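Trainee: Okay, here's the structure, questions in a sec.
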Amino acid sequence: QEQLVESGGGLVQPGGSLRLSCATSGIIFSRATMGWYRRAPGKQRELVATITRYGSTNYADFVKGRFTISRDHAKSTAYLQMNSLKPEDTAVYYCNAAYNDDIINDFDYWGQGTQVTVSS
């Protein structure tokens, strides 16, 4: 069955770094646009970054220059390298995979989320 599992979250001091991983299974990873989203308490979920099957990336303004999204097709895994972390980056980070099968079905899968806390 389809599964996205995030890992790598934790507690880090301002200015520190974390690398999140999103391990996928049961999906057509080679077709998927992978994305990272986040939701802070009391706030709406927001897009952080996306990467297409071809490697094209897109970033939210608030992370541009600090975060890098990447993917490893051999491992069917997406990553989010987060540098220069700020307290306002504190949120639950979610992995997303979106694609269609070129027939009729659209697919949109989400992981369970991983907590990132930036605090001194």
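The values are calculated or read from the model by the stated rules, or taken from the named source; none is laboratory data. This structure is a prediction, so every number in the text was calculated from the model and none was measured. Every residue, glycine as well, gets a Cβ built from its backbone with ideal geometry; the counts of neighbours run over all protein chains shown. Heavy atoms of the whole protein, side chains included, go into the accessibility calculation; ligands, DNA and RNA do not. Shrake-Rupley method; radii C 1.70, N 1.55, O 1.52, S 1.80 Å.
Trainee: Go through segment 103-120 and report how many residues are assigned to a strand (DSSP E or B) and either open to solvent by 90 Å² or more (accessible area, probe 1.4 Å) or of a type in the set (S, T, N, Q) (or both).
Mentor: Keep residues of segment 103-120 that are assigned to a strand (DSSP E or B), which gives 106-110, 114-118.
Pick out the ones that are also either open to solvent by 90 Å² or more (accessible area, probe 1.4 Å) or of a type in the set (S, T, N, Q) (or both) and you get 106, 108, 114-115, 117.
Total satisfying the criteria: 5.
Trainee: When both residues are 6+ apart or on different chains and their Cβ atoms are under 7 Å apart, which pairs have a first residue that lies in segment 97-120 and is touching a residue at least 12 places away in the same chain (Cβ under 8 Å) and more than 30 Å from Gly15 (Cα to Cα), and a second that is open to solvent by 20 Å² or more (accessible area, probe 1.4 Å) and of a type in the set (D, E, K, R)?
Mentor: If the second residue must be open to solvent by 20 Å² or more (accessible area, probe 1.4 Å) and of a type in the set (D, E, K, R), the pairs left are Ala98/Asp108; Tyr99/Arg31; Asn100/Asp106; Tyr109/Glu2.
Trainee: Taking the options Arg71, Arg45, Arg19, name whichever one is surrounded by 19 or more Cβ atoms within 10 Å (Cβ to Cβ), of a type in the set (D, E, K, R) and within 14 Å of the chain's Cα centre (by Cα). Quick ask: steps written out before the conclusion?
Mentor: Numbers: Arg45 fails: surrounded by 19 or more Cβ atoms within 10 Å (Cβ to Cβ); Arg19 fails: surrounded by 19 or more Cβ atoms within 10 Å (Cβ to Cβ).
It is Arg71.
Trainee: Can you find a residue in segment 87-102 that is over 28 Å from Ser119 (Cα atoms) and surrounded by fewer than 12 Cβ atoms within 10 Å (Cβ to Cβ)? Talk me through it step by step, then tell me what you get.
Mentor: Initially, segment 87-102 is screened for residues over 28 Å from Ser119 (Cα atoms), giving 97-102.
Subset that is surrounded by fewer than 12 Cβ atoms within 10 Å (Cβ to Cβ): 101-102.
Checked segment 87-102: at least one residue is over 28 Å from Ser119 (Cα atoms) and surrounded by fewer than 12 Cβ atoms within 10 Å (Cβ to Cβ).
Trainee: Tell me, which residue of segment 22-42 that is among the aliphatic types (A, V, I, L, M) and farther than 13 Å from Gly111 by Cβ is most open to solvent (accessible area, probe 1.4 Å)? Break it down stepwise before answering.
Mentor: So the first thing to find is which residues in segment 22-42 are among the aliphatic types (A, V, I, L, M), and the list is 23, 27-28, 32, 34, 40.
Checking the rest, the ones that are also farther than 13 Å from Gly111 by Cβ come to 28, 40.
Values: Ile28: 70, Ala40: 20 Å².
The selected residue is Ile28.
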